[in-house]
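First comes the structure, then the notes that go with it.
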Amino acid sequence: MPARELIDAVGQRVELDDWAKGHYEKTGAIRWKSTLNFYSIDCVRAGYLVKKKGSWYLTAEGKEALKLGPTELLESAQQGYLQWKFQQQAHKGEEIINDAAEQEEMTLDPEQIAREGLERQLGKFNPYEFQDLVGALLRGMGYYTPFIAPKGKDGGIDIMAYRDPLGTESPRIQVQIKHREAGASVQEVRQLMGLLQKEGDVGLFVSTGGFTADAKNTARSSHIHVELVDLSRFISLWQEFYEKLPDADKALLPMTPIYFLAKTE
């Protein structure tokens, strides 16, 4: 689950007092959110959670640990963190130290913050601005985009993308784009499939609102290749191919790399 959505869900389900909803004077961070992030580190080191590209994944070990109940789960995660720390420092021949300060440095996930910023900016785009962004991404991936639908009715295809300038090589990508909060429906996915008439045609459906379960199942089970790209995957692709974009396309959604000192294992 995307970390932002997960944290919002916790805020709705857990009864929080005024102190927990308050802010730390030094950092300005909301107390309960910082606490949640702080203790999630124990769960990561214990193998109960995996954090990747702004999302949190519950592992099989994490599902099993849920059976312990909240208090025992926390204690187990903390023990798992200490075991991990012991192994790391034993490997280096170092003495185990109190690492609360180190954990506090890890409380705020820079990647999570970056992705949330990109999501907010994309939410401000109108459908045609986002359509241009998808075209830019495809060009960064090495495709030609001879057709990007103008405003008005487009016949169901928003972008055509080719491997060569004339579209003689496969695959030839027919792109449908939905920039809205609601997920794309199975009917919309099937509509795109119906437009893939020529051999070598594949479909690409980009939906910032995600896809319904039926839509995902239909795309997976169909012999017609339709690739589904939600907002999270779009951001990952934009980050991956950003440096390959020409300056004019970069300017549509500009990013600045920030480098951190890597901690050696």
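Just to be sure I understand the model, the point goes 7 Å from the Cα along the line to the Cβ. What's the resulting TRP84 to ARG220 distance in nm?
The modelled label-to-label distance comes out at 2.8 nm.
If you average the sequence gap of Cα pairs under 8 Å that are 6 or more apart and divide by the length of the stretch 10-68, what percent do you get for the contact order?
In percent, rounded to a whole number, it is 17.
Compute the Kirkwood hydrodynamic radius of the stretch 171-224, taking the inverse of the mean of 1/r over all pairs of distinct Cα atoms, and give it in Å to one decimal.
11.3
R0 = 22 Å: FRET efficiency of VAL14 with PHE38, Cβ-based, nearest 0.05?
The formula returns an efficiency of 0.90 here.
In the set [x] -0.70, -0.81, -1.05, -1.17; [y] -0.79, -0.90, -1.07, -1.15; [z] -0.59, -0.70, -0.96, -1.11, which value of log10 I(q)/I(0) by the Debye sum over Cα atoms at q = 0.11, 0.12, 0.14, 0.15 Å⁻¹ was calculated from the structure you see?
Computed from these coordinates, log10 I(q)/I(0) by the Debye sum over Cα atoms at q = 0.11, 0.12, 0.14, 0.15 Å⁻¹ corresponds to label [y].
Relative to a virtual label point 7 Å from the Cα of LEU58 in the Cα→beta-carbon direction, which members of the stretch 12-48 show backbone nitrogen distances below 14 Å?
So the set is 48.
Taking only DSSP H segments of four or more residues, each worth -39500 (n - 2.57), what value at 222 nm results for the chain once the sum is divided by all its residues, to the nearest 500 deg cm²/dmol?
After summing the helix terms and dividing by residue count, I get -14000 deg cm²/dmol.
Calculate, for PHE125 and THR71, the FRET efficiency according to 1/(1 + (r/R0)^6) with r their C-beta to C-beta distance and R0 45 Å; round to the nearest 0.05.
After rounding to 0.05, the efficiency reads 0.50.
Compute the whole-percent fraction of alpha carbon pairs in the stretch 124-250 spaced more than 24 Å apart.
Tail fraction, whole percent: 23.
Ordered by packing density, taken as the mean number of other Cβ atoms within 10 Å over each peptide's residues, highest first, how do 213-224, 132-143 rank?
Going by the mean number of other Cβ atoms within 10 Å, highest first, we get 132-143, 213-224.
Beyond a 30 Å Cα-Cα separation, which of these cross-linked pairs lie in this structure: LYS33/LYS244; LYS52/LYS124; LYS33/LYS67; LYS52/LYS244?
Among LYS33/LYS244; LYS52/LYS124; LYS33/LYS67; LYS52/LYS244, the Cα-Cα distance tops 30 Å for LYS33/LYS244.
So for the chain, taking the charge dipole from beta-carbon charges (+1 Lys/Arg, -1 Asp/Glu), which of PHE38, ILE148, LEU49 sits furthest toward the positive end?
Sorting the options by dipole projection puts first ILE148.
For the chain, what's the relative contact order in percent, using C-alpha pairs closer than 8 Å and at least 6 residues apart?
12
How about the stretch 157-216: which GluC sites (Glu not before Pro) there lie in a loop by DSSP and see at most 12 other Cβ atoms within 10 Å?
Answer in residue order: GLU169, GLU181, GLU199.
FRET efficiency for ASP201 and ARG233, Cβ-Cβ distance as r, R0 = 30 Å, nearest 0.05?
0.90
Using the Kirkwood formula over every pair of different C-alpha atoms, what hydrodynamic radius in Å results for the stretch 1-77?
For the stretch 1-77, the Kirkwood estimate is 13.5 Å.
Bear in mind that the values in this text are calculations on the coordinates, not laboratory data. Predicted, not measured: the structure shown is a model, and the values here were computed from it. Neighbour counts run over all protein chains shown; Cβ positions are idealised from the backbone, glycine included.
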